[in-house]
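For reference, the structure discussed in these notes is given below.
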Amino acid sequence: MEAGTLPHLAALRSRGKFAQMETEIPAISSVAWASFMTGVNPGAHGIFGFTDRLPGTYELCFPNYSSLKAEPVWDRIGREGGRCCVLNVPSTYPARPVNGVLVSGFVAPNLERAVYPSEAYEYLSRSGYRIDVDAARARESLDLLVEDLHLTLEKRREAMLHFHGQESWNFFMSVFTGTDRLHHFLWRHYENNDPVYREEFLRYYRRLDEIIGEFVSMLPEETVLLMLSDHGFCGIRKEIFLNSLLGSVGLLAFRDGEPKTIADIDPDSTRAYCMDPGRIYLNRRGREPGGIVEAGEAENLMIEIRKILLDLKDPQSGEPVIDRVEIASGIYSGQHVESGPDLIAVPNRGYDLKGRMSGQVFAEAGLLSGMHTHDDAFVFIDERAGSEAPGHIRGLAPLIWRLTAGS
């Protein structure tokens, strides 16, 4: 905005305030959006990661909208008669009935099951709507990814303007996930002033700024405008494989063969394992199917693991990899806390924690050069809201409910 690249966003400063906002730990979109839409923490809404462990097994699953254990704010608004249009919010697949329109966002593999009602699906299927970019294209060519980013952005614009023009909504929301993909794949090119892709990075933002300006110009005068990101971003310095670290200190072991997921662990010899991006689970007796860690051992084991993580240093720079290690029961509350991790490692900037299996602890950044951060999401709050900007992403659902309850 200060450089003049985003004039429409800059103009919005006159009608409200941009502020820094914290998001969930770990900074995973599926977790953050679940907290945004419900106003409660993962221990209450039950989403702890992009992948999770199927109860009673070591098999992985992908939590989706049916896994959400708390009520989204638009369901509450709809129950009171308010009309809602919700477009492209991650982790809302498969779509379910709402008093209005809902189009699921990432990850939605099937457009028909991603849209409610059927009339909305008929329009979107005719229009060539795109739920998300095909990230695999980046492995072929960044040019193909950039082309896909712009095509998806324009289809998002078409859908947003189409549905917005259908009626006078009580609550209308649209998410642009292209910025996330842009940051993951082009961050290093932007930071390093790449002669081609730095400009492509800025070109995408210029177009998004134009779309925001176009949309805002259509809003009725009394509309309260809110904007947010579900996390921040920074560049990746190194990838860190925490399961390799746990294995190197004797806390994790695998059965014979090349391990691919936690399903390949040897439960009889495993005391802890990691899931993306820094969720540490004790192999607890009674929770995990082959658990060996007794309840009385858990506290000392967590102290041991916490020290191991905090002692981890970058072998090149000597810098600590981990900023802090949170005990999940200290930051989560609710009836689903026991389903979540025992510890959450929060990295220092640039250290991208992985739950994948690997033969090494440290690796250089691969195709992805940008990673999520938890402490610098942004929020814009319209002065008409009559409220300070929430300091945490969970604060938005209660604010939206207050603003729509009387509309």
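Phe106: net charge of surrounding residues, Cβ under 13 Å, Lys/Arg +1, Asp/Glu -1, itself excluded? Don't jump to the answer; show the numbers that get you there.
Working: positive: Arg130, Arg156, Arg181; negative: Asp132, Asp134, Asp180, Asp230.
Once all neighbours under 13 Å are counted, the net charge is -1.
Mean residue ellipticity at 222 nm from the helices of the chain, using -39,500 (n - 2.57) per DSSP H segment of n ≥ 4 over the full residue count, to the nearest 500 deg cm²/dmol?
Calculated mean residue ellipticity at 222 nm is -9500 deg cm²/dmol.
Search the structure for amide H atoms under 5 Å from the amide H of Gly16, placed 1.01 Å from N in the peptide plane, and list their residues when 5 or more places away or on another chain.
Glu383
Stokes-Einstein D for the range 1-116 at 10 °C, 1.306 mPa s, Kirkwood Rh over Cα pairs, in µm²/s?
D, rounded to a whole number, is 99 µm²/s.
Throw me the Rg/Rh for the range 82-211, computed over C-alpha atoms with Kirkwood Rh, two decimals. Working shown, then result.
On the way: Rg = 15.6 Å, Rh = 15.4 Å.
My calculation of the ratio gives 1.01.
Taking amide H positions as placed in the peptide plane 1.01 Å from N, state which residues far from Leu102 in sequence (5 or more) or on other chains have amide H under 5 Å from it.
Under 5 Å from the amide H of Leu102: Val86, Tyr116.
Past 23 Å, Cα to Cα, is the threshold; run Lys238/Lys313; Lys260/Lys354; Lys260/Lys313 against it and keep the listed order. Could the numbers behind the result be given before it?
Numbers: Lys238/Lys313 12 Å; Lys260/Lys354 13 Å; Lys260/Lys313 26 Å.
Pairs exceeding the cut-off: Lys260/Lys313.
In which sequence would Arg53, Arg237 go, from the one with the fewest C-beta neighbours within 10 Å to the one with the most? Please list the in-between numbers first.
Values: Arg53 24, Arg237 21.
Lowest count first: Arg237, Arg53.
What do you get for Rg/Rh of the chain when both radii come from the Cα atoms and Rh is the Kirkwood radius?
On the way: Rg = 21.9 Å, Rh = 22.5 Å.
Across the chain, the Cα-based Rg/Rh ratio is 0.97.
Stick to Cα atoms and the Kirkwood definition of Rh, then tell me Rg/Rh for the range 238-364.
Values: Rg = 14.1 Å, Rh = 14.8 Å.
For the range 238-364, the value is 0.95.
Cα centroids of the range 197-246 and the range 26-77: how far apart, whole angstrom?
Answer, in whole Å: 22.
For the range 238-364, what's the relative contact order in percent, using C-alpha pairs closer than 8 Å and at least 6 residues apart?
On the way: 216 pairs, mean separation 46.9, N = 127.
It rounds to 37 percent for the range 238-364.
For a quick protection proxy, order the peptides 261-268, 93-100 by their average other-Cβ count within 10 Å, most packed first.
Values: 261-268: 16.5, 93-100: 18.4.
The packing order, highest mean first, is 93-100, 261-268.
Determine the relative contact order of the chain: mean sequence separation of Cα pairs under 8 Å and six or more apart, normalised by residue count, in whole percent. Spell out each step's value before the answer.
Working: 767 pairs, mean separation 108.7, N = 407.
Relative contact order comes out at 27 percent.
Return the sequence-ordered ³J(HN,Hα) values of the range 295-305 in whole Hz as given by the Karplus equation 6.51 cos²θ - 1.76 cosθ + 1.60 applied to θ = phi - 60°, using x for Gly and Pro.
Going residue by residue, I get 4, x, 8, 4, 4, 5, 5, 5, 4, 5, 5 Hz, with x marking Gly and Pro.
Can you spot the aspartates and glutamates whose alpha carbon is less than 19 Å from Lys155's alpha carbon? Ignore those fewer than 8 places along the same chain.
Cross-link targets: Glu112, Glu119, Glu122, Asp132, Asp134, Asp143, Glu147, Asp180, Glu200, Asp209, Glu210, Glu214.
Read the figures in this text as sums done on the coordinates, not as results from a lab. Values in this document were obtained by computation on a predicted structure and should not be read as measured data. Cβ atoms come from the backbone with ideal geometry, glycine included; neighbour counts cover every protein chain shown.
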